[in-house]
Amino acid sequence: MTKKMTEGSPAKLIVMFTIPLLIGNIFQQLYSMVDTLIVGRTLGVNALAAVGCTGSINFLILGFAMGVSAGLAIITAQRFGAKDEKGVRRSVASGAWISLMVTVVLTAVSVPMTRKILELLNTPPEIIDGAYDYIVIIFWGIIACMLFNFLSNIIRALGDSRTPLLFLVIACVLNIILDFAFILGGGMGVAGAAWATIISQMVSALLCLWYIKKKLPILHLTKDDWKVSAWDLKQHFRISMPMGFQMSIIAIGAVVLQFVLNGLGSAAVAAFSAAQRIDQIAGQPMNSFGTTMATYAAQNYGAGRIDRIKKGVLQCSLISVGFSIAVGF
């Protein structure tokens with residue numbers, strides 16, 4: 001199912017697109033929250049701290065990947081808004097090549113440096129082994145994170161925010177089941193929580209592929225579509241890389257904070273990790289409105305409807321402020 005955001009009431013389109021996106025983002029946060037909850041309940045405070053202290057470097061590395069995938073989808077949305085179906089397929093192909101390159105580079109850099117990074121962050125000795133066991137598996141599974149985020153953002157670029165939500169719900173339920181199976185049944189410790197996350201993300205990515213194959217013929221790429229031009233790659237790099245670095249720059253503050261917290265011991269790390277999950281969920285509404293506007297603006301820019309972009313930005317700003325005030329009270 002595709003939906004054009006170039007027609008109809010901007011406010012209604014923005015709200016209807018944001019609601020499933022927001023729920024989906026909350027479920028995506030539940031991946032790490034479920035890991036934290038189950039690990040803390042079953043393995044104890046040190047295990048909870050071990051998983052929690054990896055949050056900042058997880059955000060630093062995977063945040064870059066998610067930012068890149070969001071940027072790649074902007075050009076896809078522009079071409080969809082312009083009714084350029086061949087351009088849409090070329091955009092997806094360009095994005096796939098860039099996603100592959102980013103995945104290889106991030107994996108090659110992060111995996112060998114994981115323990116060194118944890119040491120530089122002053123990770124307490126009693127939790128560093130558990131932290132390493134958890135996050136190194138997450139880094140080996142960057143391909144699952146990148147694949148799901150790339151495909152789900154492409155689906156959203158065509159105006160469908162509900163289908164990725166459904167797949168996220170399925171993946172989250174699977175993650176809970178696998179957490180219990182691997183940690184309690186398999187005795188895998190914190191590594192089991194990491195494997196549960198990676199497998200669940202890969203399942204959600206495969207569901208996106210299945211949906212594209214069955215329901216979105218506009219995204220069925222031919223051999224010719226895969227022969228992308230240098231100009232196409234440059235255009236996608238120009239949009240996606242700044243968004244990736246923007247996410248990583250935000251994460252640097254979290255890394256610095258984690259360094260300070262690690263010096264206070266594993267109990268402080270565990271306490272902060274539990275509270276941080278709630279804070280991350282609280283910030284999802286604004287993130288969701290921002291993602292919605294990226295798709296909305298891109299489609300209308302491609303259609304040459306600058307007037308609708310201005311109107312949508314104003315209405316979304318008012319909705320966001322109103323929502324923030326309501327939540328604050």
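Couple of notes before you dig in:
- The lone exception for ASN149 - which of (1) closer than 30 Å to TYR301 by Cβ; (2) surrounded by 24 or more Cβ atoms within 10 Å (Cβ to Cβ); (3) of a type outside the set (Ser, Thr, Tyr); (4) modelled with pLDDT under 90 it fails: (4)
- Output for region 55-102, where each listed residue is within 13 Å of the chain's Cα centre (by Cα), among the aromatic types (Phe, Trp, Tyr) and either closer than 22 Å to LEU219 by Cα or modelled with pLDDT under 90 (or both): PHE59
Per-residue answers, yes or no, for (1) among the hydrophobic types (A, V, I, L, M, F, W, C); (2) part of a helix (DSSP H, G or I):
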site	(1), (2)
LYS3	no, no
ALA11	yes, yes
LEU21	yes, yes
MET33	yes, yes
THR36	no, yes
GLY40	no, yes
ALA47	yes, yes
VAL51	yes, yes
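- Within region 91-146, tally of residues that are surrounded by 18 or more Cβ atoms within 10 Å (Cβ to Cβ) and in a loop (DSSP other than H, G, I, E, B): 4
- Restricting region 285-294 to residues that are crowded, with 19+ Cβ neighbours inside 10 Å and among the polar types (S, T, N, Q), the residue that is modelled with the highest pLDDT: THR292
- Residue within region 109-118 that is within 30 Å of TYR301 (Cβ to Cβ), out of contact with any Lys or Arg (no Cβ under 7 Å at 6 or more places or on another chain) and of a type in the set (Lys, Arg) present: no
- Checking each residue in region 175-187 for being buried (at least 17 other Cβ atoms within 10 Å of the Cβ) and either touching a residue at least 60 places away in the same chain (Cβ under 8 Å) or not aromatic (Phe, Trp, Tyr) (or both) picks out ASN175, ILE176, LEU178, ASP179, ILE183.
- Of the residues making up region 295-314, those that are crowded, with 19+ Cβ neighbours inside 10 Å and under 25 Å from ILE23 (Cβ atoms) are THR295, TYR296, ALA297, ALA298, GLN299, ASN300, GLY312.
- Only one of the listed residues (VAL45, VAL15) is more than 20 Å from the chain's Cα centre (by Cα), modelled with pLDDT under 85, surrounded by fewer than 24 Cβ atoms within 10 Å (Cβ to Cβ) and not small (Gly, Ala, Ser). That residue is VAL45.
- The C-beta contact set for region 293-319 (first residue more than 21 Å from ALA70 (Cβ to Cβ), second residue β-branched (Val, Ile, Thr) and assigned to a helix (DSSP H, G or I), distance under 8 angstrom, 6+ apart or interchain) comprises GLN315/ILE14.
- Picking from residues in region 283-329 that are in a loop (DSSP other than H, G, I, E, B) and among the hydrophobic types (A, V, I, L, M, F, W, C), the one that is nearest to the chain's Cα centre (by Cα) is ALA303.
- Among residues of region 228-247 that are part of a helix (DSSP H, G or I), those with a Cβ under 6 angstrom from a residue that is charged (D, E, K, R), sequence gap 6+ or separate chain, pair up as ASP232/ARG90.
- You will find that of GLY87, GLY95, GLY67, the residue that is without any contact (Cβ under 8 Å) to a residue 24 or more places away in the chain and under 30 Å from ALA303 (Cβ atoms) is GLY87 and no other.
- Candidate set from region 173-211 (those that are closer than 19 Å to LEU43 by Cβ and aromatic (Phe, Trp, Tyr)); member that is modelled with the lowest pLDDT: PHE180
- Filter pass, TRP226 being among the aromatic types (Phe, Trp, Tyr), in contact with a helix residue (DSSP H, G or I) (Cβ under 6 Å, 6 or more places away or on another chain) and within 21 Å of ALA70 (Cα to Cα): yes
- Condition met for VAL34 (among the hydrophobic types (A, V, I, L, M, F, W, C), crowded, with 24+ Cβ neighbours inside 10 Å and farther than 28 Å from ALA303 by Cα): no
- Matching entry among GLY159, GLY141 (being closer than 26 Å to ALA93 by Cβ and either at pLDDT 90 or above or of a type in the set (S, T, N, Q) (or both)): GLY141
The values are calculated or read from the model by the stated rules, or taken from the named source; none is laboratory data. Worth saying up front: this structure is predicted, and the values here are computed from it rather than measured. Here the Cβ is made from the backbone with ideal geometry for all residues, glycine too, and neighbour counts use every protein chain on show.
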